[in-house]
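Participant: Encoded as structure tokens, here's the structure I'll be asking about.
The values are calculated or read from the model by the stated rules, or taken from the named source; none is laboratory data. What you see is a predicted model; the values in this text were computed from it and never measured. All Cβ positions, glycine included, derive from the backbone under ideal geometry; neighbour counts span all protein chains shown. The accessibility values were calculated without ligands, DNA or RNA, using every heavy atom of the protein model including side chains. Shrake-Rupley method; radii C 1.70, N 1.55, O 1.52, S 1.80 Å.
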Amino acid sequence: SVLALNGKIRKVGNKVFASNGKKADFASALGSCEEAGGTLATPMNEEENKAVLSIVKQYNQYAYLGIKEGETPGQFKCINSMPLNYTKWHKYEPNGKGTEKCVEMYTDGSWNDKKCNLYRLTICEF
């Protein structure tokens, strides 16, 4: 439940970002967000990216975002099927060309495409 999220919560507009501080692979992280009634954090603008970043910095852990590579290598989309109009790729990213289908946030707020089976901080949005 949201109460188990220990106050690691950021509100932006009508969106709430929250972390339970646990590290998990992409599928498990997404699963625990959905179980709590949300989805993985998907920043749609600079303000939301900063809110997610503040949680990333708090734990000093990279986090998976709710963004995945589609059928076309190099083309990423939101897992909630909203268009991906905002991106914050790190320099020279994304570079996985189909081998790195998930997206992580670095501790400077920039994004990197990454394999989906690593352990990253779970940050959900509600």
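Participant: For Cα extents along the principal axes in Å, one of [x] 158, 21, 14; [y] 36, 31, 23; [z] 39, 27, 26 was computed from the structure I shared and the rest are decoys. Which label?
Facilitator: Among [x] 158, 21, 14; [y] 36, 31, 23; [z] 39, 27, 26, the one derived from this structure is [z].
Participant: Against the longest alpha carbon principal axis of the chain, how many degrees, from 0 to 90 and to the nearest 10, is the axis of helix 26-35 turned?
Facilitator: With both axes taken from Cα atoms, the answer is about 40 degrees.
Participant: Then there is this: Could you sort Asp25, Asp108, Asp113 by their accessible area in this structure, using a 1.4 Å probe and putting the largest first? List each step's numbers first, then the result.
Facilitator: Numbers: Asp25 40, Asp108 90, Asp113 0 Å².
Sorted descending by solvent-accessible area, the residues read Asp108, Asp25, Asp113.
Participant: Another question, then. Determine how large the accessible area of Ile9 is when every protein chain is in place; take a 1.4 Å probe and give Å² rounded to the nearest 10.
Facilitator: So the heavy atoms of Ile9 present about 60 Å² to solvent.
Participant: Can you sort Arg10, Arg120 by 1.4 Å-probe accessible area, starting with the largest?
Facilitator: Details: Arg10 65, Arg120 40 Å².
I get Arg10, Arg120, largest accessible area first.
Participant: On a 23 Å Cα-Cα criterion, which of the cross-link pairs Lys57/Lys97; Lys22/Lys91; Lys8/Lys91; Lys23/Lys115; Lys8/Lys114 come out too long? Don't skip to the answer; put the middle values down first.
Facilitator: Numbers: Lys57/Lys97 28 Å; Lys22/Lys91 28 Å; Lys8/Lys91 29 Å; Lys23/Lys115 15 Å; Lys8/Lys114 25 Å.
Table pairs above 23 Å Cα-Cα are Lys57/Lys97; Lys22/Lys91; Lys8/Lys91; Lys8/Lys114.
Participant: With a probe of 1.4 Å, find how much accessible area the chain has per residue, and write the answer as a whole number in Å².
Facilitator: Working: 6590 Å² over 126 residues.
Solvent-accessible surface per residue comes out at 52 Å².
Participant: So which trypsin sites (Lys or Arg not before Pro) in segment 62-91 are both in a DSSP loop and have at most 15 other Cβ atoms within 10 Å of their Cβ?
Facilitator: Values: sites: Lys68, Lys77, Lys88, Lys91; in loops: Lys88, Lys91.
Those that pass, being in a loop and sparsely packed, are Lys91.
Participant: Could you order Met105, Met44 so the one with the most accessible surface comes first? Probe is 1.4 Å.
Facilitator: Details: Met105 0, Met44 55 Å².
The ranking, largest first, comes out as Met44, Met105.
Participant: Which loop-located chymotrypsin sites (Phe, Trp or Tyr not before Pro) does segment 57-122 contain, where loop means any DSSP state but H, G, I, E or B and the Cβ has at most 16 other Cβ atoms within 10 Å? Could you put the intermediate results ahead of the total?
Facilitator: On the way: sites: Tyr59, Tyr62, Tyr64, Phe76, Tyr86, Trp89, Tyr92, Tyr106, Trp111, Tyr119; in loops: Tyr62, Tyr86, Tyr92, Tyr106, Tyr119.
Answer in residue order: Tyr86, Tyr92, Tyr106, Tyr119.
Participant: For segment 26-125, which whole percent of the accessible surface, found with a 1.4 angstrom probe, sits on carbon and sulfur atoms?
Facilitator: Values: 2380 of 4950 Å².
Percent of accessible area from carbon and sulfur atoms in segment 26-125: 48.
Participant: While we're here: What share of the DSSP beta bridges in segment 26-125 is antiparallel, in percent to the nearest 5?
Facilitator: 85
Participant: Shifting gears a bit: Mind listing the lone cysteines of the chain, meaning no other Cys beta-carbon sits under 4.7 Å from theirs?
Facilitator: By the Cβ distance rule, which asks for a partner under 4.7 Å, the isolated cysteines are Cys78.
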